[in-house]
Each structure stands twice: as C-alpha cells, then as structure tokens.
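The values are calculated or read from the model by the stated rules, or taken from the named source; none is laboratory data. Since this is a predicted model, take the numbers as computed values, not measurements. Neighbour counts are summed over all protein chains in view; Cβ atoms, including those assigned to glycine, are modelled from backbone coordinates with ideal geometry. To get the accessible areas, we keep the full protein, side chains included, count just its heavy atoms, and leave off ligands, DNA and RNA. Shrake-Rupley method; radii C 1.70, N 1.55, O 1.52, S 1.80 Å.
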Amino acid sequence: MQQFFAEPSMIREGHVFLEGPDVNHMKNVLRMKQGEDVRISDSTGKTYLCSIQAYEEKRAVLDILKELDADTELLSRIWLFQGLPKGDKMELIVQKAVELGVYSVVPFSAKRSIVRLDEMKAEKKRNRWQAVAKGAAEQSGRSIIPEVQPLRDLAGALQMAAGLDVVLIPYEQEEGMKGMARAVSGIRPGQSVGVFIGPEGGFEEEEVRQAVESGAVPVSLGKRILRTETAGLAVLSILMYHLECESHNL
C-alpha cells in the first residue's frame, strides 16, 4: 500500500488534509482515485489507514479509517556517522540506511575525504539527501522520516555521539569478529547506538585514536576490506538482526 507523510497540523477532525508535492504525485503520477486506501504517517510515530475522499485545488482530503500499529521502527535509535564519500554514493547510503532502520544520518568530513563542501553546497546536498530519506521512508513503511544532519567535521561528530549509549567504529586494523559479536550482543533495546564509517581510504590512525578516547569501540567487519558505501550498511544489517531478535526474544 502506498504511504505518504503529513505534518501533524494536516491531521484533524478525522481527516488528513495533505498538501505539497505529494498531492501531485498521488493524483497525477500514481493516478490514485477517490475511495482508494493509503497509509499516512505524521512523522512522530503515528500511522493511519486512510481513504481518499476528494482532490481540491492544492490538497487532497482523506478520511481516517483507523490508526495502525506502528511496528516498523527498531527499538533502539541508531545514528550512522558517515564519512563524506565522493560522487552520488551518499544518496545510496542514505536510502539503504533508512530502509535498514537508521534513526539519523550524520555526514562528516574526515582527513581522507576527497570531497570538500562549502556551507552553501553542503546545505544543498543535505536537502537532496533529506528528500532521498523521505522517499525511502515511504517505500519501506517507516513511521518516521530519519533526519539527515548538517555536515560536521570529525570532532563535531564525536561530540554529537558523546551522549549515545554505544558507539562502534569499524577499523581494518582490528582482527577477528569476536569484538564485534561481543559489542553487538551487549546492546539492549532502547539503547542509542552510533556507528562511525570512514570515507574512501578509511580513517587515519589518529582519527581512530580520537574516537576511542571519546568512548567509541573499534570493531572488525571481517577479513575483507569493504567500500565506504558497504561498511555502514553491513553494520546496520547486523544491528537490525540483533535488535529484531531481542524484541521477539529469539
């Protein structure tokens, strides 16, 4: 079933008054008709089963049929701190991270980052990445739209992660998977988790030292060297599996 997000102010008196680009997408791209069912989430965790009542000039009016159980979110908030990659890799990372249940994506510049963005370009990129996050959240049935944070340097990213319960930093110099297994098995539902991923070329030793001094736990992702666009998704997959098993007592 198609899903859209609406601001809480658009939801009132048993109806959703959907406005913005989603109305055109619903009406002219998907060609959805009066009476068709659609899921509407308010970005705060509430999701409703709705029926299209009518299209007005600049909005769609939907009847709320019932509130649905919001069961698509992980029981822990996961923050992906992603070293700024080159090209369009960040769009892929954001899209797949949202599908895997990430709560927020934080891009940061590392010493080996090839791309350098000024403030204006960084904000333009962030707006694009946020749009990708919204589309991925709709496609995957999320009840929230994960936020893509403003670009930071590593120090700023580490400062942001300081309040999280667990912070992991995959590093190719770490050996064996026992450390990863031990770190992940200790994570409990409800704890906040940060994952730091380096850009192309990985982290410099000094950066890993900074992260460890800030409380991050270095872990291995195995014997193979993963690309930056693969490493974060690998960790998120491991965390998703662990947290889903924990929530179902498996």
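Summary table below
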{"read-out": "Cα gyration tensor, region 172-250 - rounded (a/c under 1.5), prolate or oblate", "value": "prolate"}
{"read-out": "Förster-model FRET efficiency, 51 Å R0, His15 and Arg116, C-beta, rounded to 0.05", "value": "0.60"}
{"read-out": "Rg(Cα)/(2.2 N^0.38 Å) for region 106-241, N = residue count", "value": "1.07"}
{"read-out": "For region 1-40, projected area of the alpha-carbon convex hull averaged over all directions, nm²", "value": "2.9"}
{"read-out": "For Pro85, net neighbour charge (Lys/Arg +1, Asp/Glu -1) across residues whose Cβ lies under 12 Å away", "value": "+1"}
{"read-out": "Solvent-accessible surface ranking, highest first, for Asp69, Asp22, Asp118 at 1.4 angstrom", "value": "Asp69, Asp118, Asp22"}
{"read-out": "Heavy-atom accessible area per residue - region 74-212, 1.4 Å, Å²", "value": "46"}
{"read-out": "Cα centroid separation - region 169-200 against region 79-122, whole Å", "value": "18"}
{"read-out": "Helix-only CD estimate at 222 nm, as mean residue ellipticity for the chain, using -39500 (n - 2.57) per DSSP H run (n ≥ 4)", "value": "-10000 deg cm²/dmol"}
{"read-out": "Rg in Å to one decimal, and Dmax rounded to a whole Å, for the chain via C-alpha atoms", "value": "19.9, 61"}
{"read-out": "Members of Lys58/Lys134; Lys111/Lys223; Lys121/Lys223; Lys33/Lys89 lying beyond 28 Å, as alpha-carbon distances in this model show", "value": "Lys121/Lys223; Lys33/Lys89"}
{"read-out": "Hits among aspartates and glutamates - C-alpha to C-alpha of Lys96 under 16 Å, sequence gap 8 or more where chains match", "value": "Glu73, Asp88, Glu138, Glu147, Glu229"}
{"read-out": "Accessible-area composition of the chain, carbon plus sulfur, in percent [1.4 Å probe]", "value": "48"}
{"read-out": "Selection of trypsin sites (Lys or Arg not before Pro), region 1-32, meeting DSSP coil and at most 16 other Cβ within 10 Å", "value": "Arg31"}
